[in-house]
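Some notes on the structure that comes next.
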Amino acid sequence: MSQRVLPPSAEIAWHSLPVSEALSRIESASSGLAIDEAARRLKDVGPNVIQRAKGDSALKLLFRQINDPLIYVLLASAALAMIMGEAIDGSVVLAVVVLNTAIGFVQELRAGKAIEALAGMVPQSATVVRGGERSVIPAADVVPGDVVVLEAGDKVPADARLLSVKNLHVDESALTGESVPSDKHIDVVQEDAGVGDRKNLAFGGTLVTSGTATAVVIATGGGTELGRISSMLHEATEIETPLTRSMAKVGRVLTIAIVAVALLIVGVALLRGYPPVDAMLAGISLAVAAIPEGLPAIITISLAIGVQRMARRRAVIRKLPAVETLGSTGVICSDKTGTLTRNEMTVRALWTAPSGGAGGEEDGQPLEVTGVGYAPIGELRRGGAPVGEVPEAVRALLRAGLLCNDARMKREGDACGVEGDPTEGALVVAAQKLGVDAEATRREYPRLDAVPFSSERQLMATLHEAPGGERVIFMKGAPEAVLGRVTLGEAERARAMAQVEQMAAQGMRVLAAAARPFGRDAASLDEEHLAEGFELLGLEGMIDPPRPEAIDAIKACHEAGITVKMITGDHLATARAIGEQLGLVRDSARAMNGTELARLSDDELRAAARSTNVFARVAPEHKLRLVRALQAEGKVVAMTGDGVNDAPALKQADIGVAMGITGTAVSKESADVVLTDDNFASIRAAVEEGRRVYDNLVKALAFVLPTNLGEALILLVAVMTFPIIGGAPLMPITAVQILWVNLVATVALSLPLAFEAMEKDVMSRPPRDPSEPILSRFVLVRTAIVAVLMTAGAIGLFLYEYFTEVRDGIVSEVAYREAQTAAVTTVVLFQIFYVLNCRSLRDSMVKIGIFSNRWIYVGIGALLALQLCFVYAPFMHTLFGSAPLSLGAWINSTLVALTILPVMSVERWWRLRRARRSTERERGGAASSDVGAIVNRGGASPSHP
Ligand code: ATP
């Protein structure tokens, strides 16, 4: 047997074979493979995975580093310097390019890997029938011959021949590009039919949009249709985001400006009588000094760090732009069940219909069921007192709930759990608790057919053979849906509705159950059989407590100026009660029903969306309208979803959030973020990380831009105003020295900022206005102040050191070099003190914890060691024209560099004061568009509906 090789699937036209023949060719049966046979086949054919084409090749990545106008300017400068015989200058410029490309390349490669790894973090599973039993297995373990069960929302795990279908529609756009779902059947198809016409096959990687089916797998992994075209697939490792794109644009504008200023400098220098070579060098140095070479790498690294931290906090990013969009999220629309609540349903109340005879309706009070969780331990009580024997009407209600059900109880050691939908699990547990044995009842009433639950229909029905041989349909679902199909007098209907309201007001999810006798020979069930004629059996009310961490997370969101809206398929009263427990419905009752929502015009909906926090009985298409309405209000909207029909809303939302555990494959494919724990608290964590990423980018900018501008200004001032002595222009810092600063200081100090810890007020300020430019007033003001101070300090110190060495009207070569070295050292020390001021946008270093980011000190340590080399190592003297400094010169440089600290303190004080004033002015109003103001408006509690 182990030598048996399955027929090569590609050579067989499976679509032209009848079901039975397909099954026998693949050596399987409708009851599936035996478990050990499946294991053997897995060993033979390997896992069901497609080796995807890698994101970007290393070469392409390298090219992307170099393909940047700023780099072109640098390369041209290097070539020019070489041509003019300035070999050292040329080589140093080249070294800048090579080093920056290398750093950028390595970092982006790592970032790309981190992002690629995300794809593997969202588990893919498949439901198979093996040895006659259904089980859920990792999709990678599916083998040829496996019988798979497909349901709406599933991703087809491998190519398969359909065995049975019910209203099956499959979205095959991943394969054929055809966006209209394909209608499937099981009949034989002509042998020469194209892929899109093979209606009796389901292809791996396509998505089931509606219906159910069983199918036998004919090919897995690379043998599938999708596997064969996998080289054409592109994994979502896109490393571009709106931010990187807008930065690239800024970069282009900057390049043009820098080149223009550099040319201007060359002109001025020539006019002032510079030797042509010196004039050219001045221009080149200026270009190199002003270009923020490290910036693209910093942005990519910040985003990648954000992605990794979010994944650790259970939010897996599927689309990179989400990392930055998350930071400006203004509204989060969340599902209730499982996300805000625990999804541990427990039946607490039972009520049987009057016509059912004895029941709990006598005093109008439902019967209570004790016990929580999935352990089948509990009893029936009325008004707190145990009910001795469970009445027959109650047993009939429990039986219906148990049979019209796909969930199973399972025991793992001492723990009890359920497999399947928790709502259904609760019904199984309740029956078991009160003595209606699940196994025995299922044997007594074998199931013949089923109409599965759908959120639109809000009910499920099953057809059974009763012990006497007659057939019966059981139905369960939302009370409104079920009551519309039962025969009931007006008064009785009103009493039933009152019971529903009463249970729902306590936050319970209420399900109604009904039954209807069916023709003796009927074997299949269709939608039309469910229209009417049912007898109401009763109601089951179940609790599903809020997650405590969701309550905390909602509070945190409110403090962060983020509105949280709950969207649920549940009853209005249930939703309102849970909304109150979660802190969503407060002063006035802001809860609305889906039917009401459907009637509103777009404008009315916008108004309603503003003031309503709880939406009940919401259909998926309402979600889409709601997202649009909120977006029309200028909000950045995050929306959760788990079902097939949530896909459009997830795509429309700025941040589509899917559920990793309970979500359908369809919803995960459409989402930007997948929560691996389905928990609302993880959305809050992701928003927090998103804000941090953005803050750190602003910090990096606030560091890099001023220092680059400062370096350029030093040259500019010198060329324009410094004297030309003996034919040689006096320069405070030479061209290669500027390159040195640029090469080591800027990179060593700016990269660590990407690791900076979260600002203390990160979740106590309003969301960032998405239209706010990254080059905000804050960054621009900082750039101006710091650049001017740095220029004044470096030039001032140079002049001081230079003129104190004047002897008899001349300065020795060594003294000149010493003065230049002192100026370079001042700039480096200045950057060291300044980077400490960039660590927080709001607080002083002492407040954020001096050692909270050790990378900063690694950077500073490395830089100081290199600078010591620069000052004292003889080969550096040759390369850069530096000279050893005296202790006095070091002290002077340090004192000058230290001036940045008080200046920054004043800047911060002024900025905070301004922000406070503007908050006071517009308290309750819209956010300002100034990063500085927003960043520093901490403490002020923003208003939210
Ligand atoms: P939320 O949006 O809070 O996550 P939901 O999406 O789970 O809620 P639905 O699953 O659409 O809401 O359920 C809507 C209603 O349908 C429920 O209030 C309940 O009455 C009924 N219902 C839920 N699950 C089932 C089921 N398996 N069988 C029959 N009826 C169900």
Length released on extending from K249 to A865, taking residue separation times 0.36 nm less the Cα-Cα span: 218.2 nm
Area of R447 that stays accessible when all protein chains are in place (1.4 Å probe, Å², to 10): 90 Å²
For the chain: relative contact order, % (alpha-carbon pairs under 8 angstrom, 6 or more apart): 11 percent
Extended-chain gain in nm, criterion 0.36 nm per residue less alpha-carbon gap, S16 and L898: 309.3 nm
Degrees, to the nearest 10: 276-290 long Cα axis against longest axis of the chain: 30 degrees
Per-peptide average of other Cβ atoms within 10 Å, ordering 518-530, 424-436 highest first: 424-436, 518-530
Set of the stretch 243-260 residues, backbone N closer than 17 Å to the point 7 Å along the Cα-Cβ line of Y72: 248-260
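Shape call for the chain from the C-alpha gyration tensor, a ≥ b ≥ c root eigenvalues: rounded (a/c under 1.5), prolate (a/b greater than b/c) or oblate? Please list the in-between numbers first.
On the way: a/c = 3.26, a/b = 2.01, b/c = 1.62.
Prolate shape, in that a/c is at least 1.5 and a/b is the bigger ratio.
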Over the chain: helical MRE at 222 nm, DSSP H runs n ≥ 4 each giving -39500 (n - 2.57), nearest 500: -15000 deg cm²/dmol
Residues of the stretch 799-820 with amide N under 16 Å of a point placed 7 Å along Cα→Cβ from V717: 799-803, 820
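Using a 1.4 angstrom probe on the protein heavy atoms only, line up T346, T127 by accessible area, largest first. Provide the component values of the computation, followed by the final result.
Working: T346 10, T127 40 Å².
Correct descending sequence by accessible area is T127, T346.
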Listed residues K155, K699, K43 arranged by accessible area, highest first, probe 1.4 Å: K43, K155, K699
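Over the stretch 347-543, what is the relative contact order in percent, taking alpha-carbon pairs closer than 8 angstrom and at least six residues apart? Numbers along the way, then the final one.
Details: 402 pairs, mean separation 44.3, N = 197.
With pairs under 8 Å counted, the relative contact order is 23 percent.
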Crossing angle, helix 777-804 versus the chain [Cα axis fit, 0-90 degrees, rounded to tens]: 30 degrees
Paramagnetic reach from I229 in the stretch 165-199 [backbone N under 19 Å; point 7 Å along Cα→Cβ]: 170-184, 192-199
On Cα atoms only, tilt of 548-559 relative to the major axis of the chain in degrees: 40 degrees
Accessible surface of M720 - all protein chains present, 1.4 Å probe, nearest 10 Å²: 90 Å²
Probe 1.4 Å - accessible area at I66, Å² to nearest ten: 60 Å²
Distance between modelled label sites at L99 and D603, nm, 7 Å Cα→Cβ extension: 6.3 nm
Pair H877, H185: separation of 7 Å Cα→Cβ label points (nm): 9.3 nm
Relative packing of 539-552, 253-266, 409-422, which averages over residues the other C-beta atoms within 10 Å, highest first: 539-552, 253-266, 409-422
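Take the solvent-accessible surface of the protein heavy atoms, probe 1.4 Å, and return the percent of it on the stretch 347-543 that carbon and sulfur atoms account for.
Working: 4100 of 8330 Å².
Percent of accessible area from carbon and sulfur atoms in the stretch 347-543: 49.
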V614, V189, reordered so the largest accessible area comes first (probe 1.4 Å): V189, V614
Residues whose placed amide H lies under 5 Å from that of G338, excluding near-sequence neighbours: N343
q = 0.11, 0.15 Å⁻¹: log10 I(q)/I(0) that the Debye formula gives for the stretch 347-543, counting C-alpha atoms only: -0.45, -0.87
Extension gain (nm, one decimal) between V387 and R443, 0.36 nm per residue minus Cα-Cα: 17.4 nm
Cα-based reach from K113 at 23 Å (exclusive), listing lysines while leaving out same-chain residues under 8 positions away: K54, K60, K319, K668
Approximate spin-label separation E596-W909, in nm, with each point projected 7 Å along Cα-to-Cβ: 5.4 nm
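The values are calculated or read from the model by the stated rules, or taken from the named source; none is laboratory data. The structure presented is a predicted model; accordingly, all values stated were derived computationally and were not measured. Here the Cβ is made from the backbone with ideal geometry for all residues, glycine too, and neighbour counts use every protein chain on show. Keep in mind that these areas ignore ligands, DNA and RNA; they rest on the heavy atoms of the full protein, side chains included. Shrake-Rupley method; radii C 1.70, N 1.55, O 1.52, S 1.80 Å.
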